[in-house]
1. Just give me the residues in the stretch 13-45 being hydroxyl-bearing (Ser, Thr, Tyr), out of contact with any Phe, Trp or Tyr (no Cβ under 6 Å at 6 or more places or on another chain) and in contact (Cβ under 8 Å) with a residue 12 or more places away in the chain, in sequence order.
2. Given the criteria of a type in the set (Lys, Arg), touching a residue at least 40 places away in the same chain (Cβ under 8 Å) and on the phi < 0 side of the Ramachandran plot, does residue 61 qualify?
3. Could you check the stretch 23-37 and list, in sequence order, the residues that are out of contact with any His (no Cβ under 9 Å at 6 or more places or on another chain) and assigned to a helix (DSSP H, G or I)?
4. Just need a number here: residues in the stretch 1-51 that are touching an Asp or Glu at 6+ places or on another chain (Cβ under 8 Å) and of a type outside the set (A, V, I, L, M, F, W, C).
5. Within the stretch 1-12, can you find the residues that are touching a residue at least 12 places away in the same chain (Cβ under 8 Å) and either loosely packed, with under 11 Cβ neighbours inside 10 Å or over 17 Å from residue 65 (Cα atoms) (or both)?
6. Can you name the residue in the stretch 38-53 that is loosely packed, with under 15 Cβ neighbours inside 10 Å and in a helix (DSSP H, G or I) and is also nearest to the chain's Cα centre (by Cα) among such residues?
Amino acid sequence: MAAGGAKDMERLIEVIVHSIPREREARDVYLAAAREAPTEMTRLLFERLAKDEEGHEAKLRAVLQLLQQASAHG
């Protein structure tokens, strides 16, 4: 991999590593809001948003794994 490409890959990995905990934090905020929700509809909305954040985290972890593998072989 060219030097610029390796640096770009490192930066992308860094951004993803930084983003994963943010997805978890967002999930926790939504779950806390769900616990305090005044109505069932609101609770369900916040639970759905929390689930979405879990999906984002899973996707980021999968991309991170692929990038790390590519970086190791590059």
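We did not get these values from a lab; they are worked out from the coordinates using the rules stated. Bear in mind the structure is a predicted one, so any value in this text is a computation, not a measurement. Note that we place each Cβ from the backbone using ideal geometry, even for glycine, and neighbour counts take in every protein chain shown.
1. Quick first cut of the stretch 13-45, residues hydroxyl-bearing (Ser, Thr, Tyr) only: 19, 30, 39, 42.
From what's left, out of contact with any Phe, Trp or Tyr (no Cβ under 6 Å at 6 or more places or on another chain): 19, 39, 42.
Correct list: 19 only.
2. Details: of a type in the set (Lys, Arg): yes; touching a residue at least 40 places away in the same chain (Cβ under 8 Å): yes; on the phi < 0 side of the Ramachandran plot: yes.
So residue 61 passes the test.
3. Just the residues of the stretch 23-37 that are out of contact with any His (no Cβ under 9 Å at 6 or more places or on another chain), to begin with: 24-25, 28-37.
Answer for the stretch 23-37, where residues must be out of contact with any His (no Cβ under 9 Å at 6 or more places or on another chain) and assigned to a helix (DSSP H, G or I): 24, 25, 28, 29, 30, 31, 32, 33, 34, 35.
4. Looking only at that region, the number is 4.
5. Our first condition is that a residue be touching a residue at least 12 places away in the same chain (Cβ under 8 Å); within the stretch 1-12, this holds for 1, 5-6, 9-10, 12.
Residues satisfying the conditions are 1, 5.
6. Of all residues in the stretch 38-53, those loosely packed, with under 15 Cβ neighbours inside 10 Å come to 38-42, 44, 48, 51-52.
Next, from what is left, pick out any that are in a helix (DSSP H, G or I): 40-42, 44, 48, 51-52.
Numbers: 40: 27, 41: 25, 42: 23, 44: 21, 48: 15, 51: 12, 52: 10 Å.
Checked the stretch 38-53; the qualifying residue nearest to the chain's Cα centre (by Cα) is 52.
Residue-wise test of (1) touching a helix residue (DSSP H, G or I) at 6+ places or on another chain (Cβ under 8 Å); (2) under 30 Å from residue 5 (Cβ atoms); (3) among the acidic types (Asp, Glu).
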{"residue": "36", "(1), (2), (3)": "no, no, yes"}
{"residue": "40", "(1), (2), (3)": "no, no, yes"}
{"residue": "43", "(1), (2), (3)": "yes, no, no"}
{"residue": "46", "(1), (2), (3)": "yes, no, no"}
{"residue": "54", "(1), (2), (3)": "yes, no, yes"}
{"residue": "62", "(1), (2), (3)": "no, yes, no"}
{"residue": "69", "(1), (2), (3)": "no, yes, no"}
